[in-house]
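Data block below; observations after.
The values are calculated or read from the model by the stated rules, or taken from the named source; none is laboratory data. Here the structure is a predicted model, which means the values were calculated and not measured. Positions of Cβ are backbone-derived with ideal geometry, glycine not excepted, and every protein chain shown enters the neighbour counts.
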Amino acid sequence: MSTTPDTIDPNVCPLCQQANRCGNIASCGSDPHCWCSSPEITFSDALLNQVPEATRGKACICRSCALANS
């Protein structure tokens, strides 16, 4: 199944297809308490480059994928 902008679910991790539990989705990017704001989380270029082009900037990577790749 191909991913189009109409089929992208921003609540689903584009890498593992599990819930990303992003607090910023509901708050339009302004939740300073989201797990992704934790200092233990990094989003390296190598990790971000794994995100399919169609979902870049449209769906957040989940905590598990971020931790596994940091």
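Numerical summary
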| quantity | calculated |
| --- | --- |
| Criterion: assigned to a loop (DSSP other than H, G, I, E, B), modelled with pLDDT of 85 or more and either of a type in the set (A, V, I, L, M, F, W, C) or over 9 Å from the mean Cα position of the chain (by Cα) (or both) - qualifying residue of A59, A66, A54 | A59 |
| Filtered residues of segment 14-33 (kept if out of contact with any Ser or Thr (no Cβ under 8 Å at 6 or more places or on another chain), modelled with pLDDT of 80 or more and not charged (D, E, K, R)) | L15, Q17, A19, N20, C22, G23 |
| Matching residues, segment 47-70, being free of Cβ contacts under 8 Å to residues at least 24 places away in the same chain and among the small types (G, A, S) | G57, A68 |
